[in-house]
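A short worksheet on the structure shown next.
The values are calculated or read from the model by the stated rules, or taken from the named source; none is laboratory data. From a predicted model like this one, the values you see are computed outputs, not experimental measurements. No Cβ is skipped: glycine too gets one built from the backbone with ideal geometry, and neighbour counts run over all protein chains shown.
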Amino acid sequence: MKMTVKSTVAACALIASAGAAWADCGIESGSVRILSNDFAALHAVADGAATCASDTVEVTANATEEHKSIQVPALTTSPATYTVAVIASNSIVPLLNDDLIRPLDEYVAKWGGQLQENQLIRINGKIMAVAFMANAQHMFYRKDILAENGIEVPKTYAEMMAAAQKLRDAGVMETPLASSYMPGWNLAAEFVNSYLSTGNEFFVPGTAELAIDNVDGIAVLETLKGMTEYMYADWATYDANSQKPVWEANEIAIAINWGSRAGAFIGDDAADPAIAEQTAFAAAPAMYDDGIPSAALWWDGFTIAKNISDEDAEASFRAMMAGVSPEMMAENADLAVWLIDGYEPTAAAVGVIGNVQGGARPYPMEPYMGLLHTALGDNIVEYLQGKESAEQALADIAAAYNAAATEAGYLN
Amino acid sequence: MPHKTFLAFIWPSLLAMILFIAVPILSVAYQSLFIEHEQILVTSENCGPFGCKPQVSVDVDAMRQLREEQPMGRFNGLNTYTNSSHLAFNDINEIFRSSENFNEIRNKIMNLPFYKALIFTVSYTFIVTPLVIILGFIVAVVVNSLPNLFKGPVIFFSLLPMIVTPLVGSLVLYWMIDSRGIIGAGLQSLFGDPNLSLKASPVLTWVTLFVYGVWHSSPFAFVVFYAGLQTVPSDTMESAMVDGANRWERIRFVTMPYLLPLATFIALMQLMDNFRIFEPIIGFSAAASATSLSFLIYNDLRASESPLFGSAAATSMLTIVGVIILLLPVLRRNWREFNRKS
């Protein structure tokens, strides 16, 4: 009797421990501390990584919109506060500039069998990040309103504004357009999107000298101003978040917004299912006829910090492999345009895929692009409000950028 | 009081002030004299999800060596103060040289980022401060004459605007003045203009910010004046009543002169506080129409790819200089009184 009980207990313990070992990712020990931005797709990745937690492996995640501000100080300490920094095309630049992340070549060779070639971000020959999703701004439109008024899906800004004029003349909507024109990061992103569509460069190649004072720069500014004519008077206070309630209140027919938010517009918990059903997506409009979409292509990926132990680095990489696994993607297919093996585009991904197929250009990753982004964000709105000329706006942008780049050491 | 006794009493606060106020200010002033090292750039092949292309990046090994040798960066002297993001001496010379009339000069100077922020900051300070004093005084006099039953609740509601966190208060007001909000829609029907939007016009945004400033700060003036009103000498008040002064004359000739020192105190505090205005600009998303000196500092430090520490430090020092200039009359008066007494 005693023997039977003992062996039963022993057998149960054996089975239980085997089960526990199967539940984690087989990582022996380590600490995985993730810092990321705060939206649904990144929550899914962090949750996927958290499946590797066990008695010897701790996995914590901090998802905050302030990640860009805290990542440099947090990764500079030794040991770094976070082992994994989830970044995008622009937020990897300060980590590279300050030498805060480690090359991933050996980890990819050992544990990265599931990764596709286009997920590997190589800088100067070394793999510095693993990308797992693509994002871009694109066009959102109401199928029913365009169909009822005989309007085709616009392919250029000129067509978009003509469509808005038609809707205004027909008395359907007075201000049918919306975009994120809040001064600061958002307005600058709109300028960057449109300028990329012109095919021109921002800087003299190989240097930090600004090169937007040309015909294309003026054309982009004039297009942005033309768009405001068809936007509600408060356009200077709209960012991507503010657009959604207005869209759901049936007050906009065509908008420019982020692909990562498209899912929420047509999801099951959208505020108005009737409007959600009529919401469709397309590639961003082009600046010129037969041009490429006015969209910067962004990628989101993860990096591993330098100032941590090798054990933590390897554990973090393996946990993130679970975080970006095809299994994770299968459960969260419509949260993002995944770059993961086996991804099938969903209805929410149409806009971003359209941008990629249309030949949209990636967001520039020069180390001084951030300074230009800030200078743009601060100096365009006065032109849009009609207080100065386009040439003066470009001059102000140049003055602000040159002062900042001189101070940051990129210009003399 | 002999100096030794005075020192014995004050040395703890003196130590704290030196450690937590003076040393940081000196450190910021020192940092404003430096800029980053010249960045050593290399061109290499970058590959990502969207293809490979030659990309400029920073040579981190060379930079690390530079930083180890000279951790503070390159010495720039006062050039950060005179560059076009701050006092812009070169740009102003250019403007004076090439402009035709005074209007053009004024518009061009107001277009420079530092002066644009300075104009708004100074306007805010000099419009909100007197209004706060006046409104606080009126509310204090009214509350003082209420029957005791109502005093408590009215005082509580009068203090609420100050208790609410500035950012939360401005966000609440921001949504109320939205065209679909209660104040916005009310104004639209009042003026019969369906397109009236307080957020659209820079002038109206400035007015909104001033109104918010007065609303938020007048409880402070109210509290100080209300406390002062409790100590107005009753014999002077009674003799005024006996002399036949009506209510308004009593307030004007007895209460106001008695409360004048308190008004000076409130003016001092408000000048210092309003010069540093920042939260309402964020809460009202008003950066399109109004920037302030503190907002410039915030912008410089938030450039996450390369925070501009030197530029933010220079703007901070200029803000301190601005506050000192504002307080100069009061400081001079106090200094003269101190000299007279000793």
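Among the residues of segment B:135-149, those identified as out of contact with any Gly (no Cβ under 9 Å at 6 or more places or on another chain) and under 14 Å from B:Pro219 (Cβ atoms) are B:Leu135, B:Gly136, B:Phe137, B:Ile138, B:Val139, B:Val142, B:Val143.
For residues that are away from chain B (no Cβ under 14 Å) and part of a strand (DSSP E or B), tally how many sit in segment A:70-91.
If we filter segment A:70-91 for residues that are away from chain B (no Cβ under 14 Å), which is where we start, we get A:77-84, A:86.
Checking which are part of a strand (DSSP E or B) leaves us with A:84, A:86.
Of the residues in that region, 2 qualify.
More than 9 Å from chain B (Cβ to nearest Cβ), in contact (Cβ under 8 Å) with a residue 12 or more places away in the chain and touching a Leu at 6+ places or on another chain (Cβ under 8 Å): is that true of A:Ser194 in this structure? If you could, list the steps in order and put the result at the bottom.
Numbers: more than 9 Å from chain B (Cβ to nearest Cβ): yes; in contact (Cβ under 8 Å) with a residue 12 or more places away in the chain: yes; touching a Leu at 6+ places or on another chain (Cβ under 8 Å): yes.
Here the answer is yes, as A:Ser194 does meet what is asked.
Of all residue pairs spaced 6 or more apart or on separate chains, those with beta-carbon atoms under 6 Å, a first member in segment B:298-311 that is within 7 Å of another protein chain (Cβ to nearest Cβ) and a second member that is assigned to a loop (DSSP other than H, G, I, E, B) are B:Gly310/B:Ser32; B:Ser311/B:Ser85.
Taking the conditions exactly as written (among the hydrophobic types (A, V, I, L, M, F, W, C) and over 29 Å from A:Leu339 (Cα atoms)), does A:Leu372 satisfy them or not? No, not satisfied.
If you take just the helices (runs of 4 or more DSSP H) that sit entirely in segment B:146-218, which of them hold at least 2 residues that are within 20 Å of B:Gly136 (Cβ to Cβ) and within 14 Å of chain A (Cβ to nearest Cβ)? Please lay out each step first, then the result.
Details: elements: B:148-163, B:166-176, B:182-191.
In segment B:146-218, the matching helices (runs of 4 or more DSSP H) lie at B:166-176.
When segment A:380-394 is limited to residues that are within 8 Å of another protein chain (Cβ to nearest Cβ) and polar (S, T, N, Q), the one that is surrounded by the fewest Cβ atoms within 10 Å (Cβ to Cβ) turns out to be A:Gln392.
For the residues B:Ala140, B:Ala117, the requirement of being among the small types (Gly, Ala, Ser), assigned to a helix (DSSP H, G or I) and within 11 Å of chain A (Cβ to nearest Cβ) singles out B:Ala117. Selection of segment A:371-410 for residues being aromatic (Phe, Trp, Tyr), more than 25 Å from the chain's Cα centre (by Cα) and not in a loop (DSSP other than H, G, I, E, B) yields only A:Tyr383. Here A:Asp290 meets each of (1) crowded, with 18+ Cβ neighbours inside 10 Å; (2) on the phi > 0 side of the Ramachandran plot; (3) charged (D, E, K, R) with one exception, condition (1).
Take segment A:341-370 and flag every residue that is within 11 Å of chain B (Cβ to nearest Cβ) and not in a helix (DSSP H, G or I). Write out each step before concluding.
Filtering segment A:341-370 for residues within 11 Å of chain B (Cβ to nearest Cβ) gives A:355-356, A:359-370.
Within segment A:341-370, A:Gly359, A:Ala360, A:Arg361, A:Pro362, A:Tyr363, A:Pro364, A:Met365, A:Glu366, A:Pro367, A:Tyr368 meet the criteria.
Condition test on A:Asn214, is it more than 15 Å from A:Met160 (Cα to Cα), surrounded by fewer than 21 Cβ atoms within 10 Å (Cβ to Cβ) and outside the structural domain of A:Lys143 (by TED's automatic domain parsing)?
Details: more than 15 Å from A:Met160 (Cα to Cα): yes; surrounded by fewer than 21 Cβ atoms within 10 Å (Cβ to Cβ): yes; outside the structural domain of A:Lys143 (by TED's automatic domain parsing): no.
Taking the combined requirement at face value, the residue does not satisfy it.
Among the criteria (1) facing chain B (nearest Cβ under 10 Å); (2) within 14 Å of A:Leu210 (Cβ to Cβ); (3) in contact with a helix residue (DSSP H, G or I) (Cβ under 6 Å, 6 or more places away or on another chain), the one A:Ile397 does not fulfil is (1).
Selection of segment A:258-279 for residues being over 24 Å from A:Leu196 (Cα atoms) and either assigned to a strand (DSSP E or B) or in contact with a His (Cβ under 7 Å, 6 or more places away or on another chain) (or both) yields only A:Thr279.
Pick from B:Phe126, B:Phe102, B:Phe96, B:Phe114: which is among the hydrophobic types (A, V, I, L, M, F, W, C) and either touching a residue at least 24 places away in the same chain (Cβ under 8 Å) or within 30 Å of A:Met365 (Cα to Cα) (or both)? Break it down stepwise before answering.
On the way: B:Phe126 fails: either touching a residue at least 24 places away in the same chain (Cβ under 8 Å) or within 30 Å of A:Met365 (Cα to Cα) (or both); B:Phe102 fails: either touching a residue at least 24 places away in the same chain (Cβ under 8 Å) or within 30 Å of A:Met365 (Cα to Cα) (or both); B:Phe96 fails: either touching a residue at least 24 places away in the same chain (Cβ under 8 Å) or within 30 Å of A:Met365 (Cα to Cα) (or both).
From the options B:Phe126, B:Phe102, B:Phe96, B:Phe114, the qualifying one is B:Phe114.
A:Ala233 passes every criterion in (1) out of contact with any helix residue (DSSP H, G or I) (no Cβ under 6 Å at 6 or more places or on another chain); (2) within 14 Å of chain B (Cβ to nearest Cβ); (3) more than 20 Å from A:Val172 (Cβ to Cβ); (4) part of a loop (DSSP other than H, G, I, E, B) apart from (3). Put simply, of B:Leu318, B:Leu327 the only residue that is more than 9 Å from every other protein chain (Cβ to nearest Cβ) and surrounded by fewer than 17 Cβ atoms within 10 Å (Cβ to Cβ) is B:Leu327. Of the residues examined, A:Asp300 is one that is within 30 Å of A:Tyr181 (Cβ to Cβ) and either touching a strand residue (DSSP E or B) at 6+ places or on another chain (Cβ under 7 Å) or outside the structural domain of A:Glu58 (by TED's automatic domain parsing) (or both).
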